[in-house]
C-alpha cells in the first residue's frame, strides 16, 4: 500500500504532531506548522491525531495511490483534481487505485495538508515521522518519483467537519522573558505597528519587516532555551517568530511570545502578507 509521487513543486514534507519531549537533548519538535489544519485533514479521512500527513508549502503535488483510499486536503485553499475533475476542498474524497490526484498551488495561504486514510507510514525517528528541516531528522523532503508507504485504514471518513475560522492576520502576544532589554514598551510597539512577512521565512521561523525594536541593553545574552512562538530580536531590530523547526536555544533576546492558538496564522502567512499583533488577555 503506497502513494507514488508523480510531480512536486515547492517544499513537500511528511509531518505529524512532532517530536515532543526531546528539547533537553537539543532536538527540535518539528511537526505540522498549521496543526489545526493537519488535524482536520486526519479527522476527515478517519485517521488518528498521530497519523502523518503531507505538508505542501507554496507549491504543487501530484500522485497516484496503489490502492483505493479516502483523502482530504485542508489548510491553504487549493484546487484538488481527481483524474482532471475538480473535487471539494476540506472534504473526504475517494480516490480509486491508480487515479491521478493533483493539488494545485494555492491562491492564498502558504501550506496545504494532505491526509490519506491510514496515514503516511514512513519509519518514525524518535517517536515521530516528521521531517525536521533544521536538524535533518526524519524522512527527506518529498521529491518526484518518491514512493511513500501507507498505513492500514481502520476507520470510516467523516462526511463533514468544521475548520476553525481565523481573524485575518491578527496574532496575540504575551510578554517575553527579555522584554526589559528593549526601550519604551516593546510589546506595545509590536502591537502598534504593522509588519510584513519576509521572503526569508521558512519552517524555522517567520522573519518580519517593520518597525525596529531598539534595545536598552547592548550586551551579549548567554544562549538560553527557546519556546515555540518566541519572538527573537536580532541586532537589526526586526523580529523573528520561531516556528516548529526552531533551535532549542538562542542568543537573541525574546521580546514576546505568540499565543499558541494563533501560530496557524503565521503558518499560513506568505511573503508580503501583513501581520498585526495584539496583546493577549
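We did not get these values from a lab; they are worked out from the coordinates using the rules stated. Computed from a predicted model, the values in this text were never measured in an experiment. Don't worry about glycine lacking a Cβ; one is built from the backbone with ideal geometry, like all the others, and counts go over all protein chains shown.
Data for the structure
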| quantity | calculated |
| --- | --- |
| Highest-fluctuation residue, 224, 36, 104 considered, GNM on the chain with Cα pairs under 10 Å | 224 |
| Stretch gain in nm, segment residue 100-residue 216, where the contour uses 0.36 nm per residue and the Cα spacing is subtracted | 36.0 nm |
| Paramagnetic reach from residue 155 (point 7 Å along Cα→Cβ, amide N under 17 Å) across the range 84-109 | 91-93 |
| Rg/Rg_globular for the chain, with Rg_globular taken as 2.2 N^0.38 Å and Rg from C-alpha atoms | 1.04 |
| Using a Förster distance of 41 Å, the FRET efficiency for residue 108-residue 185 (Cβ separation, nearest 0.05) | 0.80 |
| Förster-model FRET efficiency, 41 Å R0, residue 249 and residue 192, C-beta, rounded to 0.05 | 0.85 |
| Nearest-0.05 FRET efficiency for residue 224 and residue 147, computed from C-beta distance (R0 45 Å) | 0.60 |
| Full-stretch length increase - residue 261, residue 82 - with 0.36 nm per residue and alpha-carbon distance subtracted | 61.1 nm |
| For the range 23-84 versus the range 125-149, the gap between their alpha-carbon centres in whole angstrom | 13 |
| Principal-axis tilt of helix 35-44 within the chain, Cα atoms, nearest 10 degrees | 20 |
